[in-house]
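As structure tokens, the structure follows; a few thoughts come after it.
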């Protein structure tokens, strides 16, 4: 079985460092030039605000008056804050439901629509449409689709003799409804990233595998899946980051209810920061969430065996 | 490898299309509702059983949507912002992504890690610090060298363009794609005396068309659909974006569904067209000529 060797697919030219040091000095000067515009903008508009927010997390800040230093008071409050702890539980539940479905479905759809068959362009467009819709408008529509009596979903379930739940107003189904809407809206984006990744697999790998008599599953297992490793790492990382920051759909469809069952950490941060004007405490909550996202991303890195690449 | 059309294959392909269609209908369902709502009079919108197709056809919602707000101006603003976002992200993102994937330099790992980590900071808390940075941008909008005295970049297109000009997302995505390309192409060019920028520009970048098309669609759409940030930095109505225009149809939990759906559909159209256009490049296979 042909298995693409690491050097073919993902080598970073680090092994060359020892040789040709003059050439490398030039290369590294050029590299700094290449990264400097992005890094400069990144420094001013991402790193600086993040550091400022970190500093604010140790203060009492109501936006209107200058911040007052309070040390670890905000973080101590988090340990007591049952609502925030509940939101962390909610988001873990959401992530556990969302991520596996999202990754499997988007890869399956990408593999299906990567076939050279008539009509694929049309289906790609249909599957991508939800990504284009604005989250607020789309959530408004879904609220009607999920309506217990008038909603399309329960009417369709009714055709099969199923008595649909009161989706958005039932503690057991509200989060499931949000998972459905966010998968509906996010699937197309990951699908086209996978499609782009699939285009990057050199034709000769498929040809060699065919010559060796590989079947469809072996082709996927030994050619496609390993070649998509960097893509999968990208898709899982950005999906985790997005999922942990769920806000729009919960804000529009359920306002965090019923009984805080769909209240998410970012929603809680938004409430504390912009409704209650407790910007210092909101920042401390945000950094707690940030640490959780980092830990999950590190685990994801391990699972993807990418530590030598990042 | 063209297989023959045996009856088993015909059955398999029919099932394939049936599944795609069934799933496609689910994906399209909300748009069907939005479309039929936008074309039916208010009294028909919420009825049981619901109308899959308008019983009484009307354009009134479209007329109302585009006469109550200056959507022409909103479209222009959103176009300027979205196009700038695409141009800067594609260029700076692929330049930096290429360097992170394919060039050797001190601090590469550390810089990339910081970049990646920054994506994990929840966006809500950086809103205020970023606003302060925009307002106190030195020497702009009546500010002195220390960013005092004026409004900085507030109420200029730059307030939206600059913070989004080279997102970590763009750099990360381009890096991951450059890493999947074979290294020997660049090495061969280097032996032939090709400069770093030309290796990037003439050899690797053209191979990234699927990734560039994908990133282009994403960034255009992010610019087009952005709502909260423009709302914060544009207090001047002349700069309002299409999404800010849509907001006008819901006030105090009271949504004017007909015009909202009509306007939402029209606002979506440019994105649909761009996606259809970009698709040509998204699935363009890469020919690795010259390599084994």
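Every read-out reported here was derived from the displayed coordinates using simple, explicitly stated rules and does not represent laboratory data. Because the structure is a prediction, the values reported are computed rather than measured. Glycine also receives a Cβ, built like all others from the backbone with ideal geometry; neighbour counts cover every protein chain displayed.
List of remarks:
- Legend: ranking of residues B:13, B:196 from fewest to most surrounding C-beta atoms inside 10 Å; resulting order B:13, B:196.
- Percent of alpha-carbon pairs separated by more than 13 Å within the stretch A:246-310: 69
- Coarse-grained scattering of the stretch B:70-282 at q = 0.18 Å⁻¹, given as base-10 log I(q)/I(0) from a Debye sum over alpha-carbon atoms: -1.28
- Cα centroid separation - the stretch B:133-168 against the stretch A:154-230, whole Å: 42
- P(r) of chain A over all Cα-Cα pairs, binned every 20 Å from zero, in whole percent: 24, 50, 24, 2
- A crude spin-label estimate for the pair residue A:125 and residue B:184, with each label 7 Å from Cα along the Cβ direction, gives 4.1 nm.
- When all alpha carbon pairs of the stretch A:161-207 are counted in 5 Å bins from zero, the resulting P(r) reads 5, 17, 14, 13, 11, 10, 8, 8, 5, 6, 3 %.
- For A:73, A:296, B:121, the sequence from fewest to most other C-beta atoms within 10 Å is A:73, A:296, B:121.
- Annotation: the residues A:125, B:183, A:262, sorted from fewest to most other C-beta atoms within 10 Å of their own C-beta, follow the order A:125, B:183, A:262.
- Shape parameters for the protein assembly as shown, alpha-carbon atoms, Rg then Dmax in Å: 25.2, 78
- Using the alpha carbons alone, the radius of gyration of the stretch B:1-124 stands to its Kirkwood radius in an Rg to Rh ratio of 1.19.
- Length added when fully stretched, residue B:139-residue B:28, from 0.36 nm per residue minus Cα-Cα: 35.0 nm
- Contact order, relative form, for chain B: 26 percent (alpha carbon pairs under 8 Å, 6 or more residues apart, mean separation divided by residue count).
- Using a Förster distance of 35 Å, the FRET efficiency for residue B:202-residue A:208 (Cβ separation, nearest 0.05): 0.80
- Extension gain for the segment residue A:225 to residue A:63, taken as residue separation times 0.36 nm less the Cα-Cα distance, is 53.4 nm to one decimal.
- Whether the stretch A:13-164 is rounded, prolate or oblate, judged on the alpha carbon gyration tensor where a/c under 1.5 counts as rounded: oblate
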